[in-house]
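The values are calculated or read from the model by the stated rules, or taken from the named source; none is laboratory data. All values reported here derive from a predicted model rather than from experimental measurement. No Cβ is skipped: glycine too gets one built from the backbone with ideal geometry, and neighbour counts run over all protein chains shown. Calculation scope for accessible area: heavy atoms of the full protein, side chains included, ligands and nucleic acids excluded. Shrake-Rupley method; radii C 1.70, N 1.55, O 1.52, S 1.80 Å.
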Amino acid sequence: MAITHIIDDAEALAEWDRFQMESPRGHYLQLSSWLKSFSRYGFDAHIIAERDAASGRIAGGIGMLRFGRPPFTLMSVPMGPTVDSDREDAVAPLLDEALRYAREEGAFLLQIKYPHADAHADPALLERIERPSGMLPRAGFPFNLVSAPNQLLWIPFDTLPAGDGWQDALFEQFNSGTRRNIRKAEKSGLVLSEARTEAELQAAYALIEQNGVEQGYSTRTWEQFGTTLVEQVNKGEAVVLVATREGEPLGTHYGVVAGRRYSYIMGGTVRTEPDYKVGHFLHWNAIQRAHAMGLRGYDFTSGGSPGVMRFKLGFSPTHVPFVEPDYVVLSPVRFAVFSRVYPFLQRHKSSVARVASRLLGRQTA
């Protein structure tokens, strides 16, 4: 086992991303494109990789986000470590190295979400969490500065019949309302396309931004996230589907491919009368796309509002809650001070990350 650090090495970052996409243990929150997308706010990504001693290939690692600057530096692992199934022994050394690095950087806190579930076994999940002896964590995730769902809402494909019968078998697992709405959508004249060029992606993303404004939730703007989306699509890490009717765009679905699964990140639809069930149309087509790509399954990722959760549960996904995250306080005094400031930021600003970058982030030109 050899543990190395990856920062600006393009070849090593590409290898890291291949690992995240090809290994069932990979996760979209560990892709370098996702991690570095927060540099827009003055946050830094840092990757600790574990290489196989014999082959030299990356067999696991832990991607971290560093928020702020001294004295208020916070280290956060949105989801990790991710390691091959035969490298569970690397988990404790990787966590130990992450803790050492956090101390070296003068962080007051290290917080970690783990891809492990106590009551569910799957090739995507760590079999166990082995922490280094000196870690002494507390349970929880005090500062959720970026969206990182601590679960899967999972539709696996390995239980479905081979051949053409898989679609009918999966379709019958959906509840009756979802089946009815998909049939209605397929008869409503909706047309599916895939956004690939920057102009197409910007137009598709505009529906996501519009949906956020109408529904009252915050999304990153195209200026903040467009570069990341274009990069992910060009690298084959993301797929952006668009539903149109009579030439008018009515919905967008943005999904990321990692861990041999297709993870839904966000989307947006235009409200119409009559209701063409655009959301049902897009998710059903995304599920079929995931199967055609030879992936292990489809993940709705997060729940959302009660209405959104009811919509997703209509597809009968398996809910796999992960274990509670850990955090390690490295400076009790600085942790206490930041804990007092954090609720104020949450109450008065729509995006904690944007505010934190302004107050605590590294200086950028």
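Restricting attention to segment 247-300, report how many residues are closer than 18 Å to PRO149 by Cα and among the polar types (S, T, N, Q).
1
From the list ARG245, ARG179, ARG183, exactly one residue is exposed (fewer than 15 other Cβ atoms within 10 Å of the Cβ) and out of contact with any His (no Cβ under 8 Å at 6 or more places or on another chain). Which is it?
Step by step, each of ARG245, ARG179, ARG183 is checked, and only ARG183 is exposed (fewer than 15 other Cβ atoms within 10 Å of the Cβ) and out of contact with any His (no Cβ under 8 Å at 6 or more places or on another chain).
Does any residue of segment 25-39 turn out to be under 20 Å from the mean Cα position of the chain (by Cα), of a type in the set (Gly, Ala, Ser) and farther than 30 Å from THR221 by Cα?
Looking through segment 25-39, none of the residues is under 20 Å from the mean Cα position of the chain (by Cα), of a type in the set (Gly, Ala, Ser) and farther than 30 Å from THR221 by Cα.
For segment 2-59, which positions are open to solvent by less than 10 Å² (accessible area, probe 1.4 Å) and on the phi > 0 side of the Ramachandran plot?
Result: GLY42, single match.
Out of segment 161-187, which residues are without any contact (Cβ under 8 Å) to a residue 12 or more places away in the chain and assigned to a loop (DSSP other than H, G, I, E, B)?
PRO161, ALA162, GLY163, ASP164, GLU172, LYS187
Looking at LEU330, LEU359, which is the one that is modelled with pLDDT of 95 or more and open to solvent by 40 Å² or more (accessible area, probe 1.4 Å)?
From the options LEU330, LEU359, the qualifying one is LEU330.
So, in segment 284-307, how many residues would count as being over 19 Å from SER23 (Cβ atoms) and open to solvent by 10 Å² or more (accessible area, probe 1.4 Å)?
12
Are there strands (runs of 3 or more DSSP E) fully within segment 28-136 with at least 1 residues that are of a type in the set (Phe, Trp, Tyr) and in contact (Cβ under 8 Å) with a residue 12 or more places away in the chain? List them.
Where strands (runs of 3 or more DSSP E) fall fully within segment 28-136 and carry at least 1 residues being of a type in the set (Phe, Trp, Tyr) and in contact (Cβ under 8 Å) with a residue 12 or more places away in the chain, they are 58-67, 107-112.
Please give the strands (runs of 3 or more DSSP E) falling wholly within segment 256-324 in which 1 or more residues are of a type in the set (D, E, K, R).
The qualifying strands (runs of 3 or more DSSP E) are 261-269, 297-299.
Going through segment 159-175 one residue at a time, which ones are touching a strand residue (DSSP E or B) at 6+ places or on another chain (Cβ under 9 Å) and open to solvent by less than 30 Å² (accessible area, probe 1.4 Å)?
Passing the criteria: only LEU170.
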